[in-house]
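So the structure is just underneath, and the comments pick up after that.
The values are calculated or read from the model by the stated rules, or taken from the named source; none is laboratory data. Predicted model, so just to flag it, every value in this text is computed and none were measured. Cβ atoms come from the backbone with ideal geometry, glycine included; neighbour counts cover every protein chain shown. Areas reflect the complete protein model, heavy atoms only, side chains present, ligands, DNA and RNA absent. Shrake-Rupley method; radii C 1.70, N 1.55, O 1.52, S 1.80 Å.
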Amino acid sequence: MKDRLWLLFILITVLTWGVWGAFSGYQIQNGIPDTVVYILWALSMIPCAVVALVINKGKFLHDGKSALLGCTVGLLGAGGQLVLFKALTLGPSYIIYPFISMSPVIVITLAAVFLKEKATRWQVAGIAVALVAILLLSLETGQEGSPVSGWLWIVLAVLVLLAWGIQGFFMKFANNSMDAESIFVWMALSGLVLIPVAWFMSPDAPEFFAAQTSAGTSFGCFGIQILNSIGALTLVYAYRYGKAVIVSPMEGLSPMVTVLLSLIILSVIPNPLQIAGICCAAFAMYALSK
């Protein structure tokens with residue numbers, strides 16, 4: 001049973017992130033600036049970090065090595081979020097999202113080279129099909145009206161791709177010498193440290209929080225963001241018990257849940273590429289779990 005714990009945790013991540021993705025449009029519809037969303041996401045990490053500490057009976061590794069590894073994982077993830085926000089102001093999301101969705105390729109490569117992780121034939125097939133599914137589920141067929149500003153967005157998108165890919169590798173590497181709970185607490189602390197950066201990145205943030213209607217909107221956004229934080233916590237556990245070459249591609253399949261929920265609850269009809277992505281994702285999840 002313990003050998004299959006990784007599957008339970010990664011399925012929770014896929015579910016929570018998929019639900020988060022389905023309702024994240026609520027933030028945009030209510031005019032919440034991206035940097036404000038980051039701040040609320042960072043704050044939503046706090047209750048999950050408290051839960052992690054309770055599970056670990058208050059134990060928190062804070063020696064030099066643990067702090068370095070924990071901050072590396074946390075800053076790569078949180079820093080990637082901030083860079084992504086900037087990239088989306090300069091370039092089209094229908095190109096940026098499919099591009100950065102390929103970060104599992106980096107995780108798989110690093111884990112195979114440095115951690116000597118191997119996969120069965122079924123799992124190799126699952127990895128290949130999962131990468132196809134991630135790409136199909138991330139593609140957007142409609143183009144946006146906002147103009148593209150130069151080439152800086154490409155550089156920023158590459159930075160996000162590298163940051164999240166390397167984060168996945170270090171999340172697995174840190175689990176070899178740290179408990180998952182300490183890793184997550186360091187992730188939460190790293191996210192909180194970057195709140196001032198997010199605050200000064202957007203002149204709209206002070207104005208948003210000063211508005212009379214901000215309390216209710218912020219509470220709703222916080223409720224959505226905590227789903228992302230719960231998924232991040234279970235992701236750390238998934239890397240603790242499972243191979244990075246398997247966990248990483250399955251992590252990227254959360255858009256499958258988003259598409260299905262959009263179909264069932266929001267009455268949004270998926271396009272042919274998304275339908276193909278769902279079929280590929282279903283096969284990939286079966287193959288990766290064998």
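A few remarks follow.
- Charge sum, other residues only, whose C-beta stays under 14 Å from ILE183's C-beta, Lys/Arg counted +1 and Asp/Glu -1: +1
- Helix runs (DSSP H) in the chain reaching 18 Å along axis by Cα, Kyte-Doolittle at least 1.0: 5-23, 34-55, 64-90, 121-138, 152-175, 180-193, 272-288
- Computed helical MRE - 222 nm, the chain, DSSP H runs ≥ 4 contributing -39500 (n - 2.57), nearest 500: -25500 deg cm²/dmol
- The label-point distance for PHE200 and ASN271, in a model that sets each label 7 Å from Cα toward Cβ, rounds to 4.0 nm.
- Most to least packed among 175-185, 227-237, 119-129 [average Cβ atoms within 10 Å]: 227-237, 175-185, 119-129
- Lysine pairs in the chain with Cα atoms under 23 Å, if 8 or more residues apart or on separate chains: 22
- Heavy-atom surface of the stretch 1-121, accessible at 1.4 Å and reported per residue (Å²): 49
- Percent accessible area from carbon and sulfur atoms, the chain, protein chains only, probe 1.4 Å: 72
- The packing ranking of peptides 46-52, 166-172, highest mean first, is 166-172, 46-52, where packing means the average number of other beta carbon atoms within 10 angstrom of each residue.
- Normalised by the number of residues in the chain, the average gap of Cα pairs under 8 Å and 6 or more apart makes the relative contact order 43 percent.
- Estimated dipole of the chain in Debye, rounded to 20 [Cβ of Lys and Arg +1, of Asp and Glu -1, Cα centre]: 1020
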